[in-house]
1. Leaving out ligands, DNA and RNA, and with a 1.4 Å probe, what % of the accessible surface on the chain is carbon or sulfur?
2. With θ taken as phi - 60° and the coefficients 6.51, -1.76 and 1.60, list the Karplus ³J(HN,Hα) couplings across region 96-107 in order, rounded to whole Hz; mark glycine and proline as x.
3. Answer rounded, prolate or oblate for region 207-270, using the Cα gyration tensor with square roots of eigenvalues a ≥ b ≥ c: rounded when a/c is under 1.5, else prolate when a/b is larger than b/c, else oblate.
4. Give me the Kirkwood hydrodynamic radius of region 127-294, using the inverse of the mean 1/r over all pairs of distinct Cα atoms, in Å to one decimal.
5. If you take the charge dipole of the chain about its Cα centre, with +1 on Lys and Arg Cβ and -1 on Asp and Glu Cβ, which of 285, 253, 29 is farthest toward its positive end?
6. Report the label-to-label distance for residue 96 and residue 23 in nanometres (one decimal), using points 7 Å from each Cα along the Cα→Cβ vector.
7. How large is the charge dipole for region 127-294, taken about the Cα centre, if only the Cβ atoms of Lys, Arg (+1) and Asp, Glu (-1) carry charge, to the nearest 20 debye?
8. Run the numbers for residue 125 and residue 110: contour at 0.36 nm per residue of separation, minus the present Cα-Cα distance, in nm.
Amino acid sequence: MPASVDTSELPTRTTGAAAKLAAAHAEEHPLKLYGGWFCPFVQRSWIVLHEKRIPHQYIEINPYHKDPDFLALNPRGLVPTLAVPVSGDGSGRKQRPLYESLVICEYLNEAYDDEKEYGPSLLPEDPYERARCRLWIDHIGNKVVPGFYRFIQHTPEKKDYTIEQARENFLGHVKTLVKEMLAGDADNSSSSGSEESGPWFLGDRFSLVDVVLAPWAKRLFLIDHYKPGGLGIPAPGQAGDDEKIWARWRTWFDAVTARQSVRDTWSDDEQYIAAYRRYAEDTTQSEVAQATRKGEKLP
Ligand SMILES: N[C@@H](CCC(=O)N[C@@H](CS)C(=O)NCC(=O)O)C(=O)O
């Protein structure tokens, strides 16, 4: 853990739509999500809570402060952290912790599985399809997300890679994912006999694959804002052989950024611009940023 963390002055408050959602979930509840408005990993868990309309309490904290009470709950000292009520405890006061955004998302999806109350599962019933979703969740976590940080943390002083390489690497991982969406669309249309397919990774069905990437989709504007040459996704008609790939990406991107749960867990754009300046200048000491700098696996 770094001795001093320069992100400690981040405001501990949500703004915009996220502030409304947080206020609606401020009341004491045995299921508690400890989060930070700026954190994309938190947004994943928050989206699942919102998608499934799971009653809970949202508690905004600053994870860089490493408060002893917080460390007692999550020794890794990272948000999101979920406090889960112990079943059978009538007082509602006993809780067990869970952390790691993906573990939390899967837990919520499984624990709140009554379709009538919480809506459809965010993973398919078919074991192969469920495994395929996990494969692409893994691709997002181990390729796309690290590629995002390598890209946004690139500075002209970097000797080991250029901004063009960072862009190519990131867009390459996105393209690999989109090709899988296109292959899925083709399978869906041959089995349903309809050309029409929904915008999500699974076509018509919104799933955890969409959830785990949504927070970084929302943050892509920061690369356009901060990095010379911007994100570099070709405009319609400019993608040559990749035209179909980038058209499918736009369909997914437009749908995911318009999704209510994604919009409602988002603070004001300017807040992110301010918070991510230290990433863009590569001066933040967050654990994610340090791992990126050292070329290590993200925490
Ligand atoms: N692998 C973790 C990563 C969580 C994470 O890195 N959270 C950041 C905020 S975005 C954090 O708590 N940082 C505190 C620190 O770096 O000291 C997850 O998926 O939940």
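1. 51 percent
2. So the J values, rounded to whole Hz, are 10, x, 9, 9, 6, 3, 5, 4, 4, 4, 5, 4.
3. Oblate.
4. In region 127-294 this quantity evaluates to 17.0 Å.
5. Farthest towards the positive pole: 285.
6. That separation, rounded to one decimal, is 3.6 nm.
7. Computed about the Cα centre, the dipole is about 520 debye.
8. 4.2 nm
The values are calculated or read from the model by the stated rules, or taken from the named source; none is laboratory data. Remember, it's a predicted structure, so these values are computed and weren't measured experimentally. Backbone-built Cβ (ideal geometry, glycine too); neighbour counts: all protein chains shown. Surface accessibility is based on the protein's heavy atoms, side chains included, excluding ligands, DNA and RNA. Shrake-Rupley method; radii C 1.70, N 1.55, O 1.52, S 1.80 Å.
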